[in-house]
Amino acid sequence: MESRLLKEWDKTFVWHPFTQMAEYVKHEPIVIERGEGCWLIDTDGKRYLDAVGSIWCNVHGHNVKELNEALIEQVNKIAHSTLLGLANVPSILLAKAVVELAPEGLNHVFYTDDGSTAMEAALKMAYQYWQLKGEKRRTKFIKLEEAYHGDTIGSVSIGGIELFHSMFKELMFETFKIPAPHPYRFNGTAEECRDYSLSKLEEILKERGEEVAAVVMEPLVQAAAGIIAHPEGFLKGVRELCDKYGTLLILDEVATGFGKTGKWFACQHEGVVPDIMAISKGLTAGYMPLAITLATDEVYGAFWGGDYGSGKTFFHGHTFTGNQLGCAVALRNIELFKEKGWPERLGPKIEYLWRRLREELADLKHVGDIRGRGFMVGIELVKDKRTKEGFSWRDDVGRRVSRRIIEKGVFTRPLGPVLVVMPPLAISEEEIDFMVKAYKEAIVEVLGG
């Protein structure tokens, strides 16, 4: 197919997500045709290093032989059969494998299709749990400012990014909100920042705790918020407050899971076990849409027993729940992790990534902060490094710099004024050097050194 024609049809027929199409069509589309390792290759043969892991999901790179073979083997058996009233082999094996990796106590797997639907299921589980326990007032959720948990109405309701969510406020249910612990934007130490947010959480739980079904958060890093890295101990403090006031903790590990922070799941850094946990993205190494909502015995047990009329059934599900192709490739992904010694052996590569970023970018006059955890990095661009005066979303600085980075053969996508670095875990040191060089040159060329 002719590249020119594909680009024309893309502009004519495809409505891209999170994209102002009137702006998009002013630029020539990059149409990806294939991938090799950590590289994307377009219809004109140009190569781009995938610096954001195809939006934070790619793990081993593209076109991986072992994962391809897992899909082919499964599709030659069956592509899909329903999980409503039937079981299937890959979904059983994957459920067992995930429970063995997850924090101890998360023993029950509910399949969905993506991060948004995994979080939607988590909210409904928590709500119904309390209804079944007879605590009818527990209908509200506590969220963090700048939170993002997906785009379904429930997950939007527990979101906090004004630009994304304000349009839909009349559709959303009521929530409580606490400040996100953002040390770079807090007037005090990281410990003071942590304690301030925890104090605000305790205020709500003390005053309105009998109305709270769950506290909902991403552990350690708020990804779409601009890679906000929480101070050490914040997650553990949230767990302790949930226990103190008798409410559930839901963790969204959709972006943070599967090695990106240096452990299987980010909550394992602080030894925290949530009551409900959502995973997706890296679950299938970026190959297939698949998600899981995990629950403890306590949560699962509330739904156990009685007939359909008892109200204990969790009436929730999707056509492709537990899809065999997704489950098969997810199983092979987990096996590949273990064969490579990941995430345990990722430490030196993580250290190299951070060292190179700091060496090359930290002293640039418009780089205010380099933050994150593991392979999740945010580079905040600011007008004034000394005062931390920032660029607004309307300044479009992130996209301007990102376009220049893309011209240099590295694909990235910013979060407002925050440049994102979240490559496949398989990235090499040479590729890291190439990526960092492109980011540095683009920042200097667009904003000055």
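The values are calculated or read from the model by the stated rules, or taken from the named source; none is laboratory data. Values in this document were obtained by computation on a predicted structure and should not be read as measured data. All Cβ positions, glycine included, derive from the backbone under ideal geometry; neighbour counts span all protein chains shown.
Among the residues examined, Glu389 qualifies as closer than 14 Å to Tyr184 by Cα, without any contact (Cβ under 8 Å) to a residue 60 or more places away in the chain and either of a type in the set (Gly, Ala, Ser) or out of contact with any His (no Cβ under 8 Å at 6 or more places or on another chain) (or both).
Being of a type in the set (Gly, Ala, Ser) and either loosely packed, with under 15 Cβ neighbours inside 10 Å or over 27 Å from Ala266 (Cβ atoms) (or both) is a property that holds for Ser81.
So that you can scan it fast, the table gives a plain yes or no per residue for (1) hydroxyl-bearing (Ser, Thr, Tyr); (2) farther than 27 Å from Thr261 by Cβ; (3) at pLDDT below 95; (4) surrounded by fewer than 17 Cβ atoms within 10 Å (Cβ to Cβ):
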{"site": "Glu360", "(1), (2), (3), (4)": "no, no, no, no"}
{"site": "Asp363", "(1), (2), (3), (4)": "no, no, no, yes"}
{"site": "Asp369", "(1), (2), (3), (4)": "no, no, no, no"}
{"site": "Gly372", "(1), (2), (3), (4)": "no, no, no, no"}
{"site": "Phe375", "(1), (2), (3), (4)": "no, no, no, no"}
{"site": "Ile379", "(1), (2), (3), (4)": "no, no, no, no"}
{"site": "Val382", "(1), (2), (3), (4)": "no, no, no, no"}
{"site": "Glu389", "(1), (2), (3), (4)": "no, yes, no, yes"}
{"site": "Asp396", "(1), (2), (3), (4)": "no, yes, yes, yes"}
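Taking first residues from the range 4-30 that are of a type in the set (Lys, Arg) and partners that are surrounded by 10 or more Cβ atoms within 10 Å (Cβ to Cβ) and outside any loop (DSSP other than H, G, I, E, B), the Cβ contacts under 9 Å between residues at least 6 apart in sequence or on separate chains come to Lys11/Met21; Lys11/Tyr24.
The residues listed here are Leu220, Leu235, Leu198; of these, the one that is touching a strand residue (DSSP E or B) at 6+ places or on another chain (Cβ under 9 Å) and over 30 Å from Val52 (Cα atoms) is Leu198.
Restricted to the range 407-445, and to residues there that are part of a helix (DSSP H, G or I) and surrounded by 24 or more Cβ atoms within 10 Å (Cβ to Cβ), the residue that is farthest from the chain's Cα centre (by Cα) is Ile443. The number of residues in the range 203-222 being touching an Asp or Glu at 6+ places or on another chain (Cβ under 9 Å) and of a type in the set (Asp, Glu) comes to 2. When restricted to residues that are farther than 15 Å from Lys200 by Cβ, in contact (Cβ under 8 Å) with a residue 24 or more places away in the chain, part of a loop (DSSP other than H, G, I, E, B) and not hydroxyl-bearing (Ser, Thr, Tyr), the range 134-163 contains 8. Looking only at residues in the range 147-172 that are of a type in the set (A, V, I, L, M, F, W, C) and in contact with a strand residue (DSSP E or B) (Cβ under 8 Å, 6 or more places away or on another chain), the one that is farthest from Ile227 (Cα to Cα) is Ile158.
Considering the conditions (1) free of Cβ contacts under 8 Å to residues at least 24 places away in the same chain; (2) touching a Ser or Thr at 6+ places or on another chain (Cβ under 7 Å); (3) not aliphatic (A, V, I, L, M), Phe110 is excluded by exactly one of them, (1).
Mind checking which residues of the range 318-352 are in a helix (DSSP H, G or I), among the β-branched types (Val, Ile, Thr) and in the same structural domain as Gly259 (by TED's automatic domain parsing)? Spell out how you get there, then give the answer.
Residues of the range 318-352 in a helix (DSSP H, G or I): 324-340, 344-352.
So of that shortlist, the ones also among the β-branched types (Val, Ile, Thr) come out as 329, 334, 350.
Within the range 318-352, Val329, Ile334 qualify.
Of note, Arg386 satisfies the criterion of being charged (D, E, K, R), assigned to a loop (DSSP other than H, G, I, E, B) and out of contact with any helix residue (DSSP H, G or I) (no Cβ under 7 Å at 6 or more places or on another chain). Right, Asp252: in contact (Cβ under 8 Å) with a residue 60 or more places away in the chain, closer than 19 Å to Glu145 by Cβ and either surrounded by fewer than 24 Cβ atoms within 10 Å (Cβ to Cβ) or in contact with a His (Cβ under 8 Å, 6 or more places away or on another chain) (or both) or not? Yes. Look at (1) on the phi > 0 side of the Ramachandran plot; (2) not assigned by TED's automatic domain parsing to the domain that holds Pro423 and you find that Trp56 fails only one, number (2).
Return yes or no: is Leu171 surrounded by fewer than 18 Cβ atoms within 10 Å (Cβ to Cβ) and closer than 30 Å to Gly326 by Cβ? Yes; evaluated as a whole, the condition is true for this residue. Per the conditions (1) touching a residue at least 40 places away in the same chain (Cβ under 8 Å); (2) closer than 24 Å to Leu325 by Cβ, the sole criterion not satisfied by Glu36 is (1).
Of the residues Val216, Val212, which is β-branched (Val, Ile, Thr), buried (at least 18 other Cβ atoms within 10 Å of the Cβ) and within 30 Å of Arg413 (Cβ to Cβ)? Lay out the reasoning, then the answer.
Details: Val212 fails: within 30 Å of Arg413 (Cβ to Cβ).
After ruling out the rest, the residue left standing is Val216.
Of all the listed residues (Pro348, Pro343), the sole one being surrounded by 15 or more Cβ atoms within 10 Å (Cβ to Cβ) and at pLDDT 95 or above is Pro343.
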